[in-house]
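Here the structure is laid out as structure tokens; the discussion comes afterwards.
The values are calculated or read from the model by the stated rules, or taken from the named source; none is laboratory data. Note that the structure is a prediction, hence the values are computed from the model and not measured. Because the Cβ atoms are built from the backbone with ideal geometry, glycine has one as well, and the counts that use them run over all protein chains shown. Please note that ligands, DNA and RNA were not included when accessible areas were found on the heavy atoms of the full protein model with its side chains. Shrake-Rupley method; radii C 1.70, N 1.55, O 1.52, S 1.80 Å.
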Amino acid sequence: MASLDEKFFMFVNLFNFMRSRRLARSHCQSSMTRTIIAFLGTKNIRRERKLWSVSRSQTWYNTVVPDFDETEFVRNFRLSKAAFNYVVENIEEFWRRQDTNMRQALGVHHKTCVALWRLTSSSELRTVGHLFGIAECSACIICIEFCTLLQEILQKRHIRFPNRERLQDMVDAFSERTGFPQVGGLIDGTHIPIKVPDVSKKSRPKHLRHSLLANQQKPTI
């Protein structure tokens with residue numbers, strides 16, 4: 001059994017050991033703190049430049065689209081070239097962006113093609129981005145901006161309710177052409193069911209109902 005002096009000596013040694021470890025730990029933490037501060041305060045540190053822009057190909061837009069004839073252009077963008085140019089000319093002033101030292105801004109012609117392709121084909125934003133060489137988020141923003149510009153600039157010019165004189169002229173013209181009175185116009189087409197005529201079943205339409213189709217010619221800009 002240890003004496004009182006031996007216990008006191010063991011306690012002193014343990015105390016000195018714990019104190020030295022605490023001082024060593026404190027010195028290590030202080031040295032690390034000073035190192036971090038010195039590193040953060042160092043100027044002109046060379047850092048490796050990270051990739052911030054993904055390289056995308058615009059070959060299809062730059063080489064294929066310009067070669068579209070009138071028929072191909074209408075089939076792909078649902079507008080004639082004249083109507084397309086009319087839209088571009090009217091929104092270009094409000095949609096043009098300035099080039100920067102980092103990158104060249106997309107032209108209004110390019111963005112209009114993106115928006116029309118998205119709206120007329122219902123393609124995914126990813127597909128539109130790959131096709132026109134832009135990011136998915138850019139394709140989404142372009143479509144929203146395009147629709148907003150059409151609503152704010154061209155809607156009031158081309159989509160408005162006619163006045164009384166113009167409406168009466170439209171009613172008279174429609175009545176003279178079709179025999180239906182008090183009709184000012186049609187949107188898309190309307191199938192009016194009729195009695196089945198005495199004809200072969202092979203002549204039955206795809207929708208399996210016989211009808212008269214009332215249709216109005218598409219408006220042109």
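Tabulated values for the structure
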quantity: Selection count where residues are surrounded by 16 or more Cβ atoms within 10 Å (Cβ to Cβ) and not in a helix (DSSP H, G or I), scope region 86-112; calculated: 1
quantity: Hits in region 87-121 (condition: under 17 Å from GLU145 (Cα atoms) and of a type in the set (Ser, Thr, Tyr)); calculated: THR112, THR120
quantity: Within region 115-157, considering residues that are under 24 Å from ALA83 (Cβ atoms) and of a type in the set (Gly, Ala, Ser), the one nearest to the chain's Cα centre (by Cα); calculated: ALA139
quantity: So PHE146, is it open to solvent by less than 50 Å² (accessible area, probe 1.4 Å), modelled with pLDDT under 90 and not in a loop (DSSP other than H, G, I, E, B); calculated: no
quantity: Checking ALA115 against (1) open to solvent by 90 Å² or more (accessible area, probe 1.4 Å); (2) touching a Cys at 6+ places or on another chain (Cβ under 6 Å), the condition it does not meet; calculated: (1)
quantity: Condition broken by ALA83, with the remaining ones in (1) open to solvent by less than 60 Å² (accessible area, probe 1.4 Å); (2) free of Cβ contacts under 8 Å to residues at least 40 places away in the same chain; (3) of a type in the set (A, V, I, L, M) satisfied; calculated: (2)
